[in-house]
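Working notes for the structure below.
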Amino acid sequence: MPISPPSSAQAARDSVARRLRDLRKGAGLTVVELARRCGWHHAKTSRIENGRTAPSASDIGRWCAACGVPDQAVDLVAQSLNAESMYQEWRHQVRAGLKQLQDSWVDFYQSTQLFRVYSPTLVPGLLQSEGYAAALLSSIGAFRDIPVNDGAEAAPARVARSHVVREPGHRFVFLIEEAVLYYRLGDADAMAAQLGYLLTAGALPAVSLGIIPTATRERGFWPQEVFHVYDDDFVSVELLSAQVNITQPSEIALYLKAFEQLRTMAVYGADARALVVKAIDALG
């Protein structure tokens, strides 16, 4: 069974914990002795070594000094920061509001050449119309009790960053499940506008829009989490509580394999447009 993104992030934290534990044992120190040298309770040492608490840069510096290897602190701090950056809780990302979160991705999008996106539940952000985006972001803000629920204001920012699909130098492969066309966000007019925009955006030269029909037989792969692959270097996975960032080559390869399997189940061109038109007719 493949390692899940949260497990992967925990595995990276555990790797740091093991190195710290090995340093302590190599120095011949007990958990209590190391804690005394560092000036904290021994329970904190146990939590760090068991991967339950992420050590701060200061913690790592004290730990390495206590073990007589202060020169290893810099490398361990970098490894720890990388482990923690893999798992970014949404509550931290949206503190400054949803609009700022949209704006923060603009430069990254500009530097990406190939976008591959799989979404089993929602229209991908780069293909969202403003009304659909406003309904989605406002509902997210309400669900997460964001102090500054600026979902309506964030929608134009999301649409603005989506202009990258019309700029030269980028290619986009989007895969969605047919059910996405029927999950309503906003009123009927907003949903109709969104489905209409899918017809327009799906016809852009740099865009490949694949829709996996619900009637697909003998599926070799079932819907998983929403994930984005940026070039071949970075995967972003969206969970309910967090965004998981993956840079490990073996894990990126796993997502690319999953994407290719899903891609073979999708329909494109006229067949995909027919599914969108069917969903528009179903709006009544």
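Hey, could you check the stretch 241-253 for residues that are surrounded by fewer than 16 Cβ atoms within 10 Å (Cβ to Cβ) and part of a helix (DSSP H, G or I) and say which is modelled with the highest pLDDT?
253
Select from the stretch 262-284 the residues that are over 14 Å from residue 176 (Cα atoms) and basic (Lys, Arg) and list them in ascending order.
Of everything in the stretch 262-284, just one residue is over 14 Å from residue 176 (Cα atoms) and basic (Lys, Arg), namely 278.
Which is free of Cβ contacts under 8 Å to residues at least 60 places away in the same chain and either closer than 17 Å to residue 256 by Cβ or part of a strand (DSSP E or B) (or both), of 210, 220?
Selected residue: 220, the only one of 210, 220 that is free of Cβ contacts under 8 Å to residues at least 60 places away in the same chain and either closer than 17 Å to residue 256 by Cβ or part of a strand (DSSP E or B) (or both).
Scan the stretch 182-190 and give yes if some residue there is of a type outside the set (Ser, Thr, Tyr), touching a Gly at 6+ places or on another chain (Cβ under 6 Å), part of a helix (DSSP H, G or I) and under 15 Å from residue 123 (Cβ atoms), otherwise no.
Yes: one or more hits.
Considering only the stretch 166-181, state which residues are farther than 19 Å from residue 272 by Cα and part of a helix (DSSP H, G or I).
Result: 166, single match.
Could we say that residue 93 is under 17 Å from the mean Cα position of the chain (by Cα), modelled with pLDDT under 90 and either on the phi > 0 side of the Ramachandran plot or assigned by TED's automatic domain parsing to the domain that holds residue 246 (or both) here?
So residue 93 fits the description; yes.
Does residue 204 satisfy the condition of being buried (at least 19 other Cβ atoms within 10 Å of the Cβ) and within 21 Å of residue 167 (Cα to Cα)?
For residue 204, the condition - buried (at least 19 other Cβ atoms within 10 Å of the Cβ) and within 21 Å of residue 167 (Cα to Cα) - is not met.
The values are calculated or read from the model by the stated rules, or taken from the named source; none is laboratory data. Please read all numbers here as calculations on a predicted model, not as lab measurements. Glycine also receives a Cβ, built like all others from the backbone with ideal geometry; neighbour counts cover every protein chain displayed.
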